[in-house]
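Enquirer: Before anything else, here's the structure in question.
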Amino acid sequence: MSGRLTASFTRRRGERDQVQVLRTDGTKTEWEFPSYGDALPHDLVHFIVEKGLGLTGGFWGLIDDGADVVMVNDQAVLSRDGKPLREPAVDFSGLIKAEEAVALLGPKPVLEAVGRLTVARLDPESFSPPASDETVSHLGFRMPDNTTSDTVAAIQGRLRELTQHWRQLNNESITLAWCRGESQPTTHEE
C-alpha cells in the first residue's frame with residue numbers, strides 16, 4: 001500500500017483522453033472521457049481544487065474509497081460493483097461541496113454557437129477570483145473556514161500552470177499524487 005492516491009491524466013490528441021488511478025489501497029481504476037482540447041480536464045481541476053482546499057470527501061475521495069467512473073452517453077457516472085452510486089447509500093455532500101468549489105475557483109465556461117446549438121466550453125484562460133461573499137452566500141456555499149486569499153491564489157496559479165503544460169501534451173501525461181492529509185498535491189509529468 002502506498003498511502004497515496006496517484007492519478008495520471010493523458011492527453012491523446014484526436015482521441016478520448018484518459019485517467020489512470022492507483023488508489024491508496026493499491027487498487028486501480030481508469031476511464032476515458034471526451035477531450036476538453038486545450039482546457040484542463042474537469043477531473044484534473046477537481047483534483048487541484050479538492051486538494052488545495054482539503055476537501056477529502058469530494059470526487060477524488062469517492063474514487064479513493066472504491067468508486068469507478070463509467071461513461072454513459074459522454075456523461076460520467078460514479079459506480080461501484082457495476083451499479084451507479086445513489087443516496088442514501090452514499091453521502092454526496094462532499095461531492096456537492098467540491099462541485100461548488102470547482103464552479104467558484106476553476107475555469108469559467110464560455111458559450112459558443114455550434115450550428116444551431118449553443119455549447120459551453122471551458123476557457124483555459126478564464127480563472128477569476130471567487131464570487132463575492134454576497135454571491136457565495138446567495139448560492140448557499142461557504143468556502144472551508146481555512147480558505148485564505150493565498151490558498152485561492154495558489155490553487156488558481158497551479159491550474160494556470162497545468163493548463164499551459166496540458167496544451168503542449170501529445171500522448172503524454174500529467175501525474176498527480178495525493179495523501180489525504182496533504183494540503184497541496186505533488187506533481188510530476190511523464
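Enquirer: Of all residues in segment 154-190 being touching a Pro at 6+ places or on another chain (Cβ under 6 Å) and modelled with pLDDT of 90 or more, which is farthest from R11 (Cα to Cα)?
Expert: Filtering segment 154-190 for residues touching a Pro at 6+ places or on another chain (Cβ under 6 Å) gives 163, 176, 178.
If we keep only those that are modelled with pLDDT of 90 or more as well, we get 163, 176.
On the way: T163: 12, L176: 14 Å.
Looking at the filtered set, the residue picked out is L176.
Enquirer: I've got another one for you. Would you mind telling me which numbered condition in (1) at pLDDT 80 or above; (2) surrounded by fewer than 17 Cβ atoms within 10 Å (Cβ to Cβ); (3) within 19 Å of K51 (Cα to Cα) T151 fails?
Expert: (2)
Enquirer: Still on this model: When segment 1-23 is examined, which residues are found to be open to solvent by 60 Å² or more (accessible area, probe 1.4 Å) and within 26 Å of V152 (Cα to Cα)?
Expert: Within segment 1-23, just R4 meets the criteria.
Enquirer: Here are the criteria: (1) at pLDDT 95 or above; (2) of a type in the set (A, V, I, L, M); (3) within 17 Å of E99 (Cβ to Cβ). Tell me which single one A7 does not satisfy.
Expert: Condition not satisfied by A7: (3).
Enquirer: On to the next question. Can you work out which of the residues in segment 38-87 that are free of Cβ contacts under 8 Å to residues at least 40 places away in the same chain and of a type in the set (G, A, S) is nearest to R4 (Cα to Cα)?
Expert: Only one residue tops the list, namely A67.
Enquirer: Then there is this: Among (1) surrounded by 21 or more Cβ atoms within 10 Å (Cβ to Cβ); (2) modelled with pLDDT of 90 or more; (3) under 12 Å from the mean Cα position of the chain (by Cα), there is one condition G106 misses while meeting the rest; what is its number?
Expert: The failed condition is (2).
The values are calculated or read from the model by the stated rules, or taken from the named source; none is laboratory data. Note that the coordinates shown come from a computational prediction; the quantities given were computed from them, not determined experimentally. All Cβ positions, even for glycine, are placed from backbone atoms using ideal geometry, and neighbour counts span all protein chains on display. Just the protein is used for accessible areas: all its heavy atoms, side chains included, with ligands, DNA and RNA removed. Shrake-Rupley method; radii C 1.70, N 1.55, O 1.52, S 1.80 Å.
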